[in-house]
Amino acid sequence: MSGCVPFSLAKLNPPGLRQSLSDFFRDTVFAALLRSLCRVRPVWHVPFTNTVWVTGFDAVQEVYARNHDFEVPYAQRMEILRWQGFILALQDTPEYHDMHDGISRLWQPWDTAHVQEIARATTESILMTTSSEDLDFIQGLVKPVLMSIVEQHYGVKMPARQREPFFEGNLAGSSFVFRGPKITKKQTDTVTPAIDAVWPVLDAAMAAAREHPDPTTVLGRYYSGGSPDPSFTEAKMRSALMTMIGGYLPTCTNASGRVMDVLLARPDAMHFVQDAVTAKQDGILLTGIQEALRLNYIIPMLWRRAARDTYVGAGTTKHRAIREGTNLAVSLQAGMSDRRRIKNPKRFDPNRSSTVRMVYGHEFHYCIGASIANTVLIEIFKGVLKRRPVHGTKKDRWVNAYPWNLWLTLSEADVAS
Amino acid sequence: MRAAAGQFPSLQQPITAITPTRPGMSWLAWLLLTLGRWIATLKMVSELEFIHFAQWQRVRTKNLPRLTPDQPAEDFAYDFFVFTTNYNGDWDQYIDTFARVPHIRLGMRLLWGTSQGFPGPIPLRTFKQYIHYHSYPETLYYSAYPASTVRNIEAAVAVKAELQKFANVSSTTKAETPAAFRTRHLEMLKAIAPKLGSAPGVHPFTIETSEPGEAIPVLGRLAGGGKTGQTLIAAMSPIEVKPGYEVTNEIAARIAAVSESTTPSPFAKCPMLHFARLVVLDDLIPKLGSSPAASLRTNYLLFVAAIDGELDDFLDCLHAADPKFVQDVWGRCLGYPEDGRGPVFLRRYIARSLLPVQLPYVAFPEHTALDIRGAVSIHADMLDWMAADRHSTSDAELMAEWQSWLDQLFDGTRAFR
């Protein structure tokens, strides 16, 4: 690891006026702007720029579905992160399908039972030993549970002192990847030490697995046959591992906090998910979680770039021309509140069609780890909701767009039992 | 090719009849249908108890969907009157009813009186010849409850309501004695016994060719909890400009393959769908005995469906169920965006192909498809309960057995077996 001081995203973004203003701007002003645009101008060319904002439900789905015309623009950022083969940054090429197949072979669907077991055991052990007053939902529960999956299921074990920088490095890396088209020096200066805290951990884990493969982990499975699968080299495995961690830790942390935020603010939502937990209906609980996430999505917009001169509005009579090289800021958050497609979008309605919830993306580049994320979220929320959480007494804190400290007070009684 | 009665493995058979309107009478057909929608309760149709669904439409030739600039406008001198329905029993009996029941005969005379060559309901021979001549063969017909007649469903819904009432009393009556339970149970059985005669057999959703008991994965949820009423849709999509027939034949073959397959069709995975039909129209039949004055310049695909909730939710669900089927059928029609892989393109395409629905009728407007399947399933199962000899069972045992039976009976997943 470079430098003596471990990387800390939280220390770089201390609480204060700047963070409060940033929170207000992001959650109130910017969200309102996106909603307004969605209503009046779902595809808006920002004047005097090379940028188009896409906020309507149909337009968002179209841009995501037409992945050959609207490409992911993250190549330069990947170079800075020294991360070749990140699946979300790849176009529809053989390299993409090779990586997709490799990940699907190693992270198999039946792994969810193992993931569930780890998540449940970790959640319960934390909640059994935590005082009912003032549980930090993010740092005290979500983070340890997510990290337990990385260590026990993926097989990326690390010393305790490396956990914080590893976790925060992933969050900083994820923030960096999904920022706008312009890369500033400040962004690069922040993310370089962040990612320096991540790669060595992965390399050490791979070296350890090579020596002593544990077949119960993904890494161990990769090495357990003696020499690794020649069609999926160690370089690809390294990238795949980073993909499955870098795409999982930040998003699940973010999603958990936002879902809890919605549940605490809306009694109807809280009743619904608690009823699902009491009835032991995991599928219905997941519906409630995803509906809450629709209302408070993890990221306001993702980026695409027009690969050629084209237009948005295919299959309609209204075409909006898009020049080659145009940057498209595509807002799933705004799309999922588009009144043209979603009745009463601000209402928590778990009965609405699941197809309006694009919480894992849409079509090409649909989240490859969705089943793992779903399993972990269910176990975390099941554990907490059984104990009837309410807002804690301490002040919540956000770091950039991440919920960082979310304080809960839990009931002593396990309501489900 | 003429429509053949009884061609689908279902107790319901569809009719799709399209007749040319008399010159200058198209407006009258429109007026009658519009007035009918506001005035007529179609109570007589309901009292016949063998029609599940019917709709009458006046379609203007000049308004047939023209979705690409190179698709020629149709040049028929007259418009069309479209009648789609499904019924139980025999085709002859069905048409006989139209002619023999005075109120319906009057209605038919009014509605079809605006059509060219309509001989009137009497004599029956010419009336039947007329309907048969103007009927079009359905390439696919789907029903969510193919083994049920209207009377089956009426009885099933009544049985389910009776059981629910019985179960509600059980749950609200504290400390009911086993003896009191037996008395109440006997009364309930007496009440439902007359309605069990029409219950279907052990596989209430399958006829002949389908695999019995096969679980069908259900996609999506019901909009508004399935309480938003039924929507009838009719969409006419242009397939290809004549003299081309290649795409038309391929689409027809693809639909027929789904229709003839013993595996569940993509429609079976959509819980909000009651009925659907697909008809390939390569021409419209002129008045009987006349030489064709004109011919359709484009082949069309007529899609008629009755669904619960929103059309967009259904189309999303259909796309999720089998994107390849959607691509192979509508994806090859004129005006469908090239490489339009994604539900948004299907939604947009069907929206542009919709025909106005003017006089719709459904037998069970208050019940969702899932409700009806659930009721039909319960109806069939109650026969088993009745068949068991419980004379020697003690009151307490009867009470316990019933409770366990009731839990199975109201298990929601049974509706999809």
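Here the ratio of the Cα radius of gyration of the range A:91-237 to 2.2 N^0.38 Å is 1.19. Ranking B:Ser10, B:Ala369, A:Gln61 by how far each Cα lies toward the positive end of the dipole of the protein assembly as shown (charges on Cβ) leaves A:Gln61 at the top.
Measuring nothing but alpha carbons in the range B:72-118 and taking Rh as the Kirkwood radius, the Rg to Rh ratio lands at 1.10.
Taking Cβ separations below 4.7 Å as the criterion for a possible disulfide partner, the isolated cysteines in chain B are B:Cys333. Residue-wise HN-Hα couplings along the range B:107-112, as the Karplus relation 6.51 cos²θ - 1.76 cosθ + 1.60 with θ = phi - 60° gives them from phi, are x, 5, 5, 5, 5, 8 Hz; Gly and Pro carry x. For the range A:56-95, the ratio of Cα radius of gyration to the globular rule of thumb 2.2 N^0.38 Å stands at 1.34.
Within the listed set B:Leu346, B:Leu232, B:Leu406, the Gaussian network model of chain B (springs between alpha-carbon atoms below 10 Å) gives the highest mean-square fluctuation for B:Leu406.
Please average, across the residues of B:342-351, the number of beta carbons from any other chain that are within 10 Å of each residue's own beta carbon, and give a whole number.
6
Which log10 I(q)/I(0) values does the range B:285-340 give at q = 0.18, 0.21, 0.29 Å⁻¹ under the Debye formula, counting every alpha carbon as one identical point scatterer? Values returned for q = 0.18, 0.21, 0.29 Å⁻¹ are -0.77, -0.90, -1.28.
For the range A:88-175, the residue among A:Ala160, A:Leu135, A:Thr123 whose Cα projects farthest onto the positive side of the dipole built from Cβ charges is A:Ala160. The average projected area of the range A:293-361, computed from the convex hull of its Cα atoms over all directions, is 5.4 nm².
Between the listed residues B:Asn86, B:Gly120, B:Thr248, the Cα displaced farthest toward the positive end of the dipole of the protein assembly as shown, a dipole computed from Cβ unit charges relative to the Cα centre, is found at B:Gly120. Computed from point charges on the beta carbon alone (+1 for Lys and Arg, -1 for Asp and Glu), the dipole magnitude for the range B:9-153 about its Cα centre is near 420 Debye.
The alpha carbons of the range B:285-417 occupy a box of 77, 44, 23 Å along the principal axes, longest dimension given first.
Using a cut-off of 30 Å between Cα atoms, the listed pairs A:Lys346/A:Lys394; A:Lys343/B:Lys242; A:Lys186/A:Lys382; A:Lys186/A:Lys343 include A:Lys343/B:Lys242; A:Lys186/A:Lys382; A:Lys186/A:Lys343 as exceeding that distance.
Couplings 3J(HN,Hα) for the range B:277-286, derived from phi with the Karplus relation 6.51 cos²θ - 1.76 cosθ + 1.60 (θ = phi - 60°), are 9, 10, 10, 8, 10, 9, 5, 10, 6, x Hz, where x marks Gly and Pro. A viscosity of 1.002 mPa s and a temperature of 20 °C, combined with the Kirkwood radius over Cα pairs in Stokes-Einstein, give a translational diffusion coefficient for the range A:1-151 of 104 µm²/s. When B:Thr19, B:Thr393 are sorted by how many other C-beta atoms sit within 10 angstrom of their C-beta, beginning with the fewest, the order is B:Thr393, B:Thr19. How big is the gap, in Å, between the Cα center of the range A:272-329 and the Cα center of the range B:40-78? Taking the Cα centre of the range B:40-78 as reference, the centre of the range A:272-329 is 36 Å away. Each 20 Å bin from zero holds the following percent of Cα-Cα pairs in chain B: 25, 52, 19, 4. Over the range B:53-203, Cα pairs under 8 Å with separation of 6+ residues give a relative contact order of 16 percent. Highest mobility in the GNM of chain B, judged by mean-square fluctuation with C-alpha springs under 10 Å and restricted to B:Ile122, B:Ile39, B:Ile372, is found for B:Ile39.
At R0 = 25 Å, how high is the FRET efficiency between A:Ala321 and A:Thr28 if r is their beta carbon distance? Nearest 0.05 is fine.
Working: r = 33 Å, r/R0 = 1.31.
After rounding to 0.05, the efficiency reads 0.15.
What does the charge dipole of the protein assembly as shown about its Cα centre add up to, to the nearest 20 debye, if the Cβ of each Lys and Arg holds +1 and the Cβ of each Asp and Glu holds -1? Computed about the Cα centre, the dipole is about 2680 debye. Partner shielding of A:311-320 amounts to 4, given as the average count of beta-carbon atoms from other chains within 10 Å of each residue beta-carbon. Put a dot 7 Å past the Cα of B:Ser295, heading toward its Cβ, do the same for B:Thr263, and the two dots end up 3.8 nm apart. Taking only the alpha-carbon positions of the range A:1-90 and ignoring solvent, what does the Debye formula give for the base-10 log of I(q)/I(0) at q = 0.11, 0.12, 0.13, 0.22 Å⁻¹? One equal scatterer on each Cα of the range A:1-90 leads to -0.58, -0.68, -0.78, -1.10. By the equivalent-ellipsoid construction on the alpha carbon gyration tensor, the range A:120-159 comes out with semi-axes of 21, 10, 7 Å, ordered largest to smallest. Inverting the pair-averaged 1/r between distinct Cα atoms of the range A:262-417 gives 17.9 Å as its Kirkwood hydrodynamic radius. Averaging Cα coordinates gives a centre for the range B:95-137 and one for the range A:340-358; these two points are 45 Å apart. Distance distribution note for chain A: the fraction of Cα pairs above 29 angstrom is 46%.
Explain nothing, just the number: dipole magnitude of the range B:267-417 about its Cα centre with +1 on each Lys and Arg Cβ and -1 on each Asp and Glu Cβ, in debye rounded to the nearest 20.
Rounded to the nearest 20 debye, it is 1080 debye.
Taking Cα atoms only, the orientation of helix B:178-196 departs from the longest principal axis of chain B by about 30 degrees.
Roughly how large, in nm² to one decimal, is the mean projection of the convex hull of the alpha-carbon atoms in the range A:168-305?
Its average projected convex-hull area is 11.8 nm².
Here the Kirkwood formula, the inverse mean of 1/r across different C-alpha pairs, assigns the protein assembly as shown a hydrodynamic radius of 30.3 Å. Counting only the Cα atoms, the range A:270-324 fills a convex hull of 143 Å³ per residue. Taking the centroid of alpha carbons for each part, the range A:35-57 and the range A:96-146 are 37 Å apart. Using a cutoff of 8 angstrom between alpha carbon atoms and counting only pairs six or more residues apart, the relative contact order for the range A:109-188 works out to 27 percent.
Straight-line reach only, C-alpha to C-alpha below 28 angstrom: list the lysines that B:Lys165 could link to, leaving out same-chain residues fewer than 8 apart. Within the straight-line cut-off, B:Lys165 pairs with A:Lys280, B:Lys43, B:Lys174, B:Lys190, B:Lys195, B:Lys227.
Put simply, the C-alpha atoms of the range A:184-255 give a gyration tensor, and the ellipsoid matching it has half-axes of 27, 14, 11 Å, longest first. The value given for the range A:307-399 is a Kirkwood hydrodynamic radius of 17.5 Å, derived from the mean inverse Cα-Cα separation. Comparing mean-square fluctuations of A:Lys394, A:Lys186, A:Lys143 from a GNM of chain A with C-alpha springs under 10 Å, the top value falls on A:Lys186. Considering only alpha-carbon pairs that sit under 8 angstrom and 6 or more positions apart, the relative contact order computed for chain B is 24 percent. Taking a quarter of the surface of the Cα convex hull of the range B:40-161 gives a mean projected area of 10.2 nm². Ignoring the sites themselves, what is the longest stretch of chain B with no GluC sites (Glu not before Pro) in a DSSP loop and at most 15 other beta-carbon atoms within 10 Å? Longest stretch, sites excluded: B:50-175.
Each reported figure results from applying straightforward, stated rules to the coordinates on display, with no laboratory input. Being a predicted model, the structure only gives us computed values, none of them experimental. Cβ sites come from the backbone with ideal geometry, for glycine too, and all protein chains shown count toward neighbours.
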